[in-house]
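The values are calculated or read from the model by the stated rules, or taken from the named source; none is laboratory data. Predicted model, so just to flag it, every value in this text is computed and none were measured. Neighbour counts are summed over all protein chains in view; Cβ atoms, including those assigned to glycine, are modelled from backbone coordinates with ideal geometry. The protein model used for the area step is the full one, side chains on, heavy atoms only, and it has no ligands, DNA or RNA in it. Shrake-Rupley method; radii C 1.70, N 1.55, O 1.52, S 1.80 Å.
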Amino acid sequence: MTEPRDFILPPQLLESARRVLEANRARGKRIVVAESCTGGLVASALTEFPGSSDVFDGGFITYSNETKMGLLGVSQDVIETFGAVSVATAWAMAQGALARTGADVAVAISGVAGPHGGTDRKPVGTVIFARARRGADPREIVADHKQFGNIGRGGIRLQAALVALELLMPVEPSP
């Protein structure tokens, strides 16, 4: 894959995106992301590489609860009951992204990047991830919760993007 010459993203993020693209390309898999606190950072990293469109189907940046509901079909009940930063919401985001695209795998990210918005239960640096695979049992929830701490807004977003990219690595063996 050709190295971008005019990239603006951190090298570790680009290297992770490159690995995701190459691994999914080798398996003929397409991927999609549903981002909240990362604001499109994962999609941006994936699209730094020419030819990424054969793997990357697209991304949803659903920062507000209304957009999570409108674009991804997350129910208001889920958001009101569990909050925007929850396994339930991230799982619904991933399922919604998968349902609205032709992708094989979806990863969703929702969190508190700060510097404000944290609570005792969900302090700044709390990020929730969910991965959904086409054809998988929808009752089998694949989710992760990370507490990055208050390492600054940019640091939290970068760490969250790196975790999301790892979740986009294929989980099934090569054909």
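Things worth noting here:
- Options 106, 84: the member that is modelled with pLDDT of 95 or more, touching a helix residue (DSSP H, G or I) at 6+ places or on another chain (Cβ under 8 Å), part of a strand (DSSP E or B) and not β-branched (Val, Ile, Thr): 106
- Boolean, residue 151 is part of a helix (DSSP H, G or I), of a type in the set (Val, Ile, Thr), modelled with pLDDT of 95 or more and more than 23 Å from residue 56 (Cα to Cα): no
- Residues (open to solvent by 70 Å² or more (accessible area, probe 1.4 Å) and more than 17 Å from the chain's Cα centre (by Cα)) located in the stretch 138-161: 138, 139, 140, 150, 151
- Residues of the stretch 117-137 satisfying the condition of being open to solvent by 50 Å² or more (accessible area, probe 1.4 Å) and among the charged types (D, E, K, R): 120, 121, 122, 133, 134, 137
- Applying a threshold of 6 Å to beta carbon distances and a minimum spacing of six or more residues, or different chains, the list of pairs starting in the stretch 145-173 at a residue that is at positive phi and in contact (Cβ under 8 Å) with a residue 12 or more places away in the chain and ending at one that is not in a helix (DSSP H, G or I) and not polar (S, T, N, Q) reads 149/125.
- Filter result for residue 92 (part of a helix (DSSP H, G or I) and touching a Ser or Thr at 6+ places or on another chain (Cβ under 9 Å)): yes
- Hey, residue 84 open to solvent by less than 20 Å² (accessible area, probe 1.4 Å) and aliphatic (A, V, I, L, M) or not: no
- Helices (runs of 4 or more DSSP H) wholly inside the stretch 1-75 that include at least 3 residues being open to solvent by 70 Å² or more (accessible area, probe 1.4 Å): 11-27
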